[in-house]
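Here the structure comes first, spelled out in structure tokens, and everything after it is commentary.
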Protein chains: 2
Amino acid sequence: MPAITIDEIARLAGVSKTTVSRVLNNKPDVSQQTRETIMALIEQYDFHPHALAKAISLQKSQSIGLIIPHEAQYIFSNPFYVEVMRGVSTEVDRLGYYLLICYPHSQNYVDIYKQKRVDGFIILSPGSLHKNIFKSLYDAEAPFISTSMIPDEKEMVYVDVDNKRGARLAMEHLISLGHRRIAFIGKPRLASSIERLNGYRETLQEHGIAYDDNLVMISGDASISGGCSAAHEMLRRANPTAFFLVNDLLAMGAIKAIQESGLNVPRDVSVIGFDDIPLSECIYPPLTTIRQPAFEKGVRAARLLVQYLEKKKKPKSQLLDVDLVVRNSTAAVRS
Amino acid sequence: MPAITIDEIARLAGVSKTTVSRVLNNKPDVSQQTRETIMALIEQYDFHPHALAKAISLQKSQSIGLIIPHEAQYIFSNPFYVEVMRGVSTEVDRLGYYLLICYPHSQNYVDIYKQKRVDGFIILSPGSLHKNIFKSLYDAEAPFISTSMIPDEKEMVYVDVDNKRGARLAMEHLISLGHRRIAFIGKPRLASSIERLNGYRETLQEHGIAYDDNLVMISGDASISGGCSAAHEMLRRANPTAFFLVNDLLAMGAIKAIQESGLNVPRDVSVIGFDDIPLSECIYPPLTTIRQPAFEKGVRAARLLVQYLEKKKKPKSQLLDVDLVVRNSTAAVRS
DNA sequence: ATGAAAGCGCTAACAC
DNA sequence: GTGTTAGCGCTTTCAT
């Protein structure tokens, strides 16, 4: 049987659909009597208003698109991003919206917006190489929030952490342990990585330690195995006493490489990561890292977007805190 | 400016919207001439048909709901489930559908269906304790595919692996290495876990090894730390020479517990997991496990659902392969 | 307090 | 080949 509609309910109640609509949306101007009759009917016939018909009438889909600008593989295999996604989806749900996953291929996200399938977007930690995405979003006048800050994108609303500060926290920690030959392994073209490199350089400089190009590497593959091979190469070419890696997965790879080289972490070489994914305290040795609130990042992004949509004006970007989490992968430099 | 509509395009082209609709949907019965004019106009005005209006007219939302019946935390923190989700979302996208994340709280998934927001569902690895979900889905006549088989749910279409066979593979491996005191650590009320326990028992029996209740445990917390504490307790109470755990996360926890007890894996105790998440080959020692095709599971589920929706008849359930992946966490029993 | 009617943007059966 | 018209299910303005 075709689902029952508002017209049917109206007919059964002997009223117009206007009145039913009023009841449906808890509007005033309906007698208690009528309201009850209608509610009973709604209950009885298990009537559910057609969401799309409602959306088309209200000109609001009540849906939000989550744009995954990177390779899905890359995003889904890093627990940090997955946790941000969880935050986004949980909060979007809580706020009474629906979340649509959007990949940049196939159906273009802008088309999805122009088709009115979503009211706005959250874009998951894009980098500078995604400027074309921002541009098309602006051109379409689509509201969106980014979960990473992008330099020179002054218009963009984002939720992020102070990456430079996080890096400084990491570096201060290592330097206070006596390390001076500190390797940095980053990711290509991501503002977060670049900011962390800046923090790395500044902290070195403040402590009078010369910056050495050989100690800096960019790994295209930001996974455990990427970290492992990068660290192997670094070990060979620059003999650092400590590693600072821009995420925990890379750090886990580095630990592996160091161990494979017959060295001990942290006795021979210290390792510090970034993110503090749950895994990091489970590995051996438990990883010292910079914690950033992944779930909260997603939650905030969702809230900001909904605020954007409902107040119809751009909210302010937000910066969340980072913390140093000391575990056992870092120790005083070997004398 | 409000987005341009089909009426506008029709007016500009001096034709009826029927004709424009024909062009939009690549239907016949339009002269080449007219078609080109209209297409030019569509291009020029960057016209995108309103997806919801279309959906309402076609009585098809072109969207699929992904139901996450468990705690989101539990699902998102296990790379296996995340990979299934990636498979689902990738294939759904490829097939020209949209994926909506549905949590069982707040807005009920059945309501989402009745509101016509989705055409059907994929339910992510539910267990027997989710029978009420299936029931409500059946009652609503909502098409859905499960990514796990549930005993006694004969009507249900699912994509799964042969869990019992996987368990037998694991057990044959351990037994062939000489182990006889093999601990089993499972999860509560999940068919997959129960089937694996059945495989465990049967294999023991076939090899004339007595089943010992003390060697079997169910861990409510199916994470690394859950595996760790369960294994600690198991070590204390039953002194097994090998562990079979129903997922890799638990197995990683077990390895940790064993190491914390001053024992060596695999020299003193062997450990085998299930799933083969990417992490498993990165830990120390690399984990021997039963591989199941997570991504493919998601892809198949998506395909099956779309087939279900488009042919309007229930497709057949599918069983995917499992394989034993031997790494370094298992070895011959110590004599 | 209630309803008639227009409007949201599209598709499709049927007529010409 | 093209248009007319009804229909999809809801909200809302404006009367009463």
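The values are calculated or read from the model by the stated rules, or taken from the named source; none is laboratory data. None of the values given here were measured: they were computed from a predicted structure. Because the Cβ atoms are built from the backbone with ideal geometry, glycine has one as well, and the counts that use them run over all protein chains shown.
Points worth noting:
- Test for residue A:68: is it β-branched (Val, Ile, Thr), more than 13 Å from DNA strand C (Cβ to nearest atom) and either farther than 21 Å from residue B:98 by Cα or out of contact with any Phe, Trp or Tyr (no Cβ under 9 Å at 6 or more places or on another chain) (or both): no
- Strands (runs of 3 or more DSSP E) contained entirely in the range A:208-285, each with at least 3 residues that are touching a strand residue (DSSP E or B) at 6+ places or on another chain (Cβ under 8 Å) and within 10 Å of residue A:185 (Cβ to Cβ): A:216-218, A:242-245
- Residue identified as surrounded by fewer than 22 Cβ atoms within 10 Å (Cβ to Cβ) and either more than 7 Å from every other protein chain (Cβ to nearest Cβ) or polar (S, T, N, Q) (or both) among A:77, A:61: A:77
- If you go through the range B:46-58 and keep only what is surrounded by 14 or more Cβ atoms within 10 Å (Cβ to Cβ), away from DNA strand D (no atom under 12 Å from the Cβ) and more than 7 Å from chain A (Cβ to nearest Cβ), you end up with just B:47.
- Residues of the range A:118-132 satisfying the condition of being more than 10 Å from every other protein chain (Cβ to nearest Cβ) and at pLDDT 95 or above: A:119, A:120, A:121, A:122, A:123, A:124, A:125, A:126
- Filter result (in contact with a Ser or Thr (Cβ under 6 Å, 6 or more places away or on another chain) and not in a helix (DSSP H, G or I)) within the range A:156-176: A:156, A:157, A:158, A:159, A:160
- Test: residue in the range B:37-53 that is within 9 Å of DNA strand C (Cβ to nearest atom), without any contact (Cβ under 8 Å) to a residue 12 or more places away in the chain, farther than 30 Å from residue A:81 by Cα and in contact with a helix residue (DSSP H, G or I) (Cβ under 6 Å, 6 or more places away or on another chain): yes
- Positions within the range B:1-22 being within 9 Å of DNA strand D (Cβ to nearest atom) and hydrophobic (A, V, I, L, M, F, W, C), in sequence order: B:10, B:13, B:15, B:20
- Here residue A:63 qualifies as more than 12 Å from DNA strand C (Cβ to nearest atom), closer than 30 Å to residue B:89 by Cα, within 38 Å of the chain's Cα centre (by Cα) and of a type in the set (Ser, Thr, Tyr).
- Residue A:30 within 12 Å of DNA strand D (Cβ to nearest atom), in a loop (DSSP other than H, G, I, E, B), over 30 Å from residue B:223 (Cα atoms) and not charged (D, E, K, R): yes
- Subset of the range B:80-95 [more than 7 Å from every other protein chain (Cβ to nearest Cβ) and touching a strand residue (DSSP E or B) at 6+ places or on another chain (Cβ under 8 Å)]: B:80, B:85, B:88, B:92
- In the range B:1-24, residue farthest from DNA strand C (Cβ to nearest atom) [restricted to those that are within 14 Å of another protein chain (Cβ to nearest Cβ) and surrounded by fewer than 11 Cβ atoms within 10 Å (Cβ to Cβ)]: B:1
- Each residue in the range A:241-269 was checked for being more than 14 Å from chain B (Cβ to nearest Cβ), closer than 20 Å to residue A:200 by Cα and either of a type in the set (Lys, Arg) or touching a helix residue (DSSP H, G or I) at 6+ places or on another chain (Cβ under 6 Å) (or both), and 6 pass.
- Note on the range B:96-117: among residues that are in contact (Cβ under 8 Å) with a residue 40 or more places away in the chain and under 22 Å from residue A:86 (Cα atoms), the one that is farthest from the other protein chains (Cβ to nearest Cβ) is B:109.
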